[in-house]
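Asker: Take a look at the following structure, please.
The values are calculated or read from the model by the stated rules, or taken from the named source; none is laboratory data. Every value quoted in this text rests on a predicted model; they were computed, and no experiment measured them. We place every Cβ from the backbone using ideal geometry, glycine too, and count neighbours over all the protein chains shown.
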Amino acid sequence: MATGETGFDDVTFDLVSVQYHALKAGHDYGQYVRDAENAGLNEVADFFRNVMSQDSERAHQCHQYLAQLTSKTGS
């Protein structure tokens, strides 16, 4: 695997990046859900919950892949 300027291989960096952004977005979506609920837009709130769930799953998958990569490299 190529090592980027960060000192980590590109795939690890990419997974960490996707995980970070999924977790950050999930945090923001909580506010979006509250905003939609406060506006009485339950269908929109459900949409945001669905998107939040997808990002949570995405972050979890990244975590699993990172664990696999680190166990292979002995880090």
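Asker: Among the residues of the stretch 53-68, is any aliphatic (A, V, I, L, M), touching a Leu at 6+ places or on another chain (Cβ under 8 Å) and surrounded by 13 or more Cβ atoms within 10 Å (Cβ to Cβ)?
Answerer: Residues of the stretch 53-68 that are aliphatic (A, V, I, L, M), as a first pass: 59, 66-67.
Add one more test, that the residue is touching a Leu at 6+ places or on another chain (Cβ under 8 Å), and what stays is 59, 66.
If we keep only those that are surrounded by 13 or more Cβ atoms within 10 Å (Cβ to Cβ) too, we end up with 59, 66.
Yes.
Asker: Further question: Taking Ala2, is it over 17 Å from the mean Cα position of the chain (by Cα) and modelled with pLDDT of 95 or more?
Answerer: Here the answer is no, as Ala2 does not meet what is asked.
Here's the yes/no breakdown for (1) acidic (Asp, Glu); (2) assigned to a helix (DSSP H, G or I); (3) in contact with a His (Cβ under 9 Å, 6 or more places away or on another chain); (4) at pLDDT 95 or above:
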| residue | (1), (2), (3), (4) |
| --- | --- |
| Phe13 | no, yes, no, no |
| Gln19 | no, yes, yes, yes |
| Gly26 | no, yes, no, no |
| Val33 | no, yes, no, yes |
| Glu37 | yes, yes, no, yes |
| Glu43 | yes, yes, no, yes |
| Phe48 | no, yes, no, yes |
| His60 | no, yes, no, yes |
| Ser71 | no, yes, no, no |
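Asker: On to the next question. Could you list all residues from the stretch 19-51 that are without any contact (Cβ under 8 Å) to a residue 12 or more places away in the chain and aliphatic (A, V, I, L, M)?
Answerer: Within the stretch 19-51, Ala39, Leu41, Val44 meet the criteria.
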